[in-house]
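> Attaching a single structure in structure tokens format; questions to follow.
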Amino acid sequence: MTSRNWLTTLAAAALFPMLAHAASEQQLPSEEGQLTVSTVADGLRNPWALAFLPGEQGMLVTERPGNLRVVNAEGKVGPPISGVPKVWAEGQGGLLDVVLSPDFKRDRTVYLSYAEEGEDGKAGTTVGRGQLSQDLARLENFNVIFRQAPKLSEGNHFGSRLVFDREGFLFIALGENNQRPTAQDLDKLQGKIVRILPDGQVPKDNPFFGKTDVRPEIWSFGHRNQQGAALNPWTGKLWTHEHGPRGGDEINIPEPGKNYGWPVATHGINYSMLPIPEAKGKHVDGMVDPHHVWEKSPGISGMAFYDNPRFKAWDHSLFIGALVPQELIRLQLDGDRIVHEERLLGELKARIRDVRVGPDGYVYVLTDAKDGALFKIGLSGG
């Protein structure tokens, strides 16, 4: 490791002392040597997402029933933060993603996505923002900046991942509420990636801005249920992934105005073992094929690129949680090409809901359970 990389790693450790926390550490096998797995916190109720706070403040963790909590550098789970909006905690709905403003140190703004109930008892994905108080106890001045319309979910497919790009635009990866045809309807926000400004306004260079009978927020369409999204640190492009039905989980690199196929083009079938009624095949002219596809669905959730000097064996890796086989997937990248897949953490027998790379270079995962946990993953020997 170069002296510059050593300095980078030491600086990250100083900023994020959780590096030293090693309660309940165990070692598990991997292709690159022994994994070190430490329990940072447990007793979390269906945790869904996490975001690292700067300095020594720990991280924010969402719990799907509706609580936002701080987990501090010692792994202590704080009480619910006040000022969080009421959520529709039914089925797959509830309090979902959390991200910090790109200028958080100045504006202390936190963005949340969550399921919100409509007048007819159905729900949709909503995004809002508020300022985190200095004592980390409350969100202040919370206001909604985006609502998925119409509200069609009876408890499924909210999507909800949030990503800021390098220019400060906010991408929201949405599910189709288990209403398949809506993913192709450009007058609806189901099954779409939308791109907005931090205050919710629509950028004028969006691909459908100014079009008649088309929602101007739309960036791409034809998606099913997107529960992973991250910005590629080497190219600056958005990557997303989505659940297929029975088979056909996929990764995409969404381009503006493009159609990613669902439900017309899919590698999956219905859970009933019957074909998808609208499907015309795995490839359909005019629709973009997946960048990567799993014919057998891992049930993917969470996504994080590894761009840290701490563990060189993981350089240019993409980590993704897998709910069904209860594993952490590591994809080795060569540019944008996926050249190898490794499955990790199967011994934990835990559904991996979210995965993030900490400023200390460790990989952090949340497990989706009524008694969920936060784990810190590293490699023995560095």
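> Can you name every residue in the stretch 164-178 that is outside any loop (DSSP other than H, G, I, E, B) and farther than 24 Å from THR266 by Cβ? Please lay out each step first, then the result.
Initial filter on the stretch 164-178 (outside any loop (DSSP other than H, G, I, E, B)): 164, 170-174.
The answer is PHE164, LEU170.
> Across the stretch 65-74, which residue is surrounded by the most Cβ atoms within 10 Å (Cβ to Cβ) among those that are free of Cβ contacts under 8 Å to residues at least 60 places away in the same chain and not polar (S, T, N, Q)?
Our first condition is that a residue be free of Cβ contacts under 8 Å to residues at least 60 places away in the same chain; within the stretch 65-74, this holds for 65-67, 69, 72-74.
Those still in the list that are not polar (S, T, N, Q) too: 65-66, 69, 73-74.
Values: PRO65: 14, GLY66: 18, ARG69: 22, ALA73: 18, GLU74: 13.
Restricting to residues being free of Cβ contacts under 8 Å to residues at least 60 places away in the same chain and not polar (S, T, N, Q), the top hit is ARG69.
> ASP42 - would you say it is surrounded by fewer than 22 Cβ atoms within 10 Å (Cβ to Cβ) and free of Cβ contacts under 8 Å to residues at least 12 places away in the same chain? Even if it seems obvious, please write down each step before you answer.
Numbers: surrounded by fewer than 22 Cβ atoms within 10 Å (Cβ to Cβ): yes; free of Cβ contacts under 8 Å to residues at least 12 places away in the same chain: no.
So ASP42 does not fit the description; no.
> Which of the residues that make up the stretch 130-148 are of a type outside the set (Ser, Thr, Tyr) and farther than 16 Å from LYS86 by Cβ? Outline the logic, then answer.
Just the residues of the stretch 130-148 that are of a type outside the set (Ser, Thr, Tyr), to begin with: 130-132, 134-148.
Selection gives GLN131, LEU132, GLN134, ASP135, LEU136, ALA137, GLU140, ASN141, ILE145, PHE146, GLN148.
> Give the number of residues within the stretch 84-93 that are within 12 Å of VAL127 (Cα to Cα) and touching a residue at least 40 places away in the same chain (Cβ under 8 Å).
2
> Given the options ALA229, ALA183, name the one that is hydrophobic (A, V, I, L, M, F, W, C), within 30 Å of GLY335 (Cβ to Cβ), in contact with a strand residue (DSSP E or B) (Cβ under 6 Å, 6 or more places away or on another chain) and modelled with pLDDT of 95 or more.
On the way: ALA183 fails: in contact with a strand residue (DSSP E or B) (Cβ under 6 Å, 6 or more places away or on another chain).
That would be ALA229, the only listed residue that is hydrophobic (A, V, I, L, M, F, W, C), within 30 Å of GLY335 (Cβ to Cβ), in contact with a strand residue (DSSP E or B) (Cβ under 6 Å, 6 or more places away or on another chain) and modelled with pLDDT of 95 or more.
> Which of the numbered conditions does ARG106 fail, given that it passes all the others? Conditions: (1) touching a residue at least 24 places away in the same chain (Cβ under 8 Å); (2) out of contact with any His (no Cβ under 9 Å at 6 or more places or on another chain).
Here ARG106 clears every test but (1).
> Another question, if that's okay. Which ones in the stretch 179-194 are without any contact (Cβ under 8 Å) to a residue 40 or more places away in the chain and outside any helix (DSSP H, G or I)? Talk me through it step by step, then tell me what you get.
Step one: filter the stretch 179-194 for residues without any contact (Cβ under 8 Å) to a residue 40 or more places away in the chain, giving 179, 182, 185-188, 192.
Selection gives GLN179, ASP185, LEU186, ASP187, LYS188, LYS192.
The values are calculated or read from the model by the stated rules, or taken from the named source; none is laboratory data. Note that the structure is predicted; figures quoted are calculated from it, not measured. Every residue, glycine as well, gets a Cβ built from its backbone with ideal geometry; the counts of neighbours run over all protein chains shown.
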